[in-house]
Amino acid sequence: MAEPIIRTQDLTIMFGGHTAVDHVNLDIMPNKFVSIIGPNGAGKTTFFNLLSGQFFPTSGRILFKGHDVTDIPAHLRTRLGMGRNFQISNIFPDLTVLENVRLAVQARSGIHYQILRHHRKYSRFSDQAMALLESVKLSGKAAQPSRFLAHGEKRKLEIAIILALEPEVLLLDEPTAGMAVEEVPAILELLARLKTDKRTILLVEHKIDMVMSLSDTLVVLANGRLLAQGNPRQIMENEQVQAAYLGGIAP
């Protein structure tokens, strides 16, 4: 049986007297699409921040491919293979769409820009970046400054930047946040294509119909605690989950 690619052991974080994530024990299996859901204030984004290294836990451990990464900062977790987006788009607005992705490709290679080296020496990075833009259907806008992209297009660009880092795990925190209704299907299509790539995807998303259609596993948090996990049908039929959503409290 495969070992979990991510494992949390009694993962806990407290802010003052408030416990935002409360002794969560969770195994994430490789090559699965896992969505984390829960009522507002359930601790979903805080849990993501712990996994990606934005926050460090008060207690407990995080294992990635069997190695303890609990005290490893975010940028080093990225190098280990954990790529994460944010609810607020995080791109370089004055660079072109292509340059945003090319810089990520170059960073992954470990080669830094040298001012006296001819730009054609970096053409392979541009070629790789263009291929990634094609994968998210943004190649037609490669030459324009990224600030002119629509909000949904910026979210797709952000995913291309993450993919340029070649992560084994994608951590996607509400990729449709702030989108107009007509922009959502493009992201849904992109996520469905990413799922076929046999990579591990963790998604936080409020759109239940979206997570139901995409997810292999649903993880439900409520009041910072792990309330339930299972396939979409099991979760939708779970009475504790229904109570948490309808009543706003976990039993």
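The values are calculated or read from the model by the stated rules, or taken from the named source; none is laboratory data. Being a predicted model, the structure only gives us computed values, none of them experimental. Glycine also receives a Cβ, built like all others from the backbone with ideal geometry; neighbour counts cover every protein chain displayed. Ligands, DNA and RNA are stripped out before the accessible areas are found, and what is left, the full protein with its side chains, is counted by its heavy atoms. Shrake-Rupley method; radii C 1.70, N 1.55, O 1.52, S 1.80 Å.
One table, with the values for the structure above:
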quantity	calculated
Verdict on Gly17 being touching a residue at least 12 places away in the same chain (Cβ under 8 Å), more than 23 Å from Val211 (Cβ to Cβ) and among the small types (Gly, Ala, Ser)	no
Residue satisfying all of: in the range 140-153; part of a helix (DSSP H, G or I) and open to solvent by 50 Å² or more (accessible area, probe 1.4 Å); nearest to Ala180 (Cα to Cα) among these	His151
Residue that is nearest to Lys65 (Cα to Cα) [pool: residues in the range 151-190 that are charged (D, E, K, R) and in contact with a strand residue (DSSP E or B) (Cβ under 7 Å, 6 or more places away or on another chain)]	Glu168
Of all residues in the range 229-248 being in contact with a helix residue (DSSP H, G or I) (Cβ under 7 Å, 6 or more places away or on another chain) and open to solvent by less than 10 Å² (accessible area, probe 1.4 Å), the one that is farthest from Pro4 (Cα to Cα)	Val241
Filtered residues of the range 28-45 (kept if in contact with a Ser or Thr (Cβ under 9 Å, 6 or more places away or on another chain) and surrounded by fewer than 17 Cβ atoms within 10 Å (Cβ to Cβ))	Met29, Pro30, Asn31
Of residues in the range 110-139 being in a helix (DSSP H, G or I), open to solvent by 50 Å² or more (accessible area, probe 1.4 Å) and at pLDDT below 90, the one farthest from Ala150 (Cα to Cα)	Lys121
Residue pairs meeting the criteria (Cβ under 8 Å; at least 6 apart or on separate chains; first more than 11 Å from Gln128 (Cα to Cα) and open to solvent by less than 60 Å² (accessible area, probe 1.4 Å), in the range 91-106; second hydrophobic (A, V, I, L, M, F, W, C) and not in a helix (DSSP H, G or I))	Thr96/Ala142; Thr96/Ala143; Val97/Leu138; Val97/Ala142; Val97/Ala143; Val97/Leu149; Asn100/Ile91; Asn100/Phe92
Subset of the range 60-80 that is outside any loop (DSSP other than H, G, I, E, B) and open to solvent by 50 Å² or more (accessible area, probe 1.4 Å) - its residue that is nearest to Met29 (Cα to Cα)	His67
Selection within the range 1-27 - closer than 17 Å to Phe55 by Cα, aliphatic (A, V, I, L, M) and open to solvent by 60 Å² or more (accessible area, probe 1.4 Å)	Met14
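One line per residue, one yes/no per condition, for (1) more than 17 Å from the chain's Cα centre (by Cα); (2) modelled with pLDDT under 85; (3) crowded, with 19+ Cβ neighbours inside 10 Å:
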{"site": "Leu172", "(1), (2), (3)": "no, no, yes"}
{"site": "Val184", "(1), (2), (3)": "no, no, no"}
{"site": "Leu188", "(1), (2), (3)": "no, no, no"}
{"site": "Lys195", "(1), (2), (3)": "no, no, no"}
{"site": "Ile201", "(1), (2), (3)": "no, no, yes"}
{"site": "Glu205", "(1), (2), (3)": "no, no, yes"}
{"site": "Val219", "(1), (2), (3)": "no, no, yes"}
{"site": "Arg225", "(1), (2), (3)": "yes, no, no"}
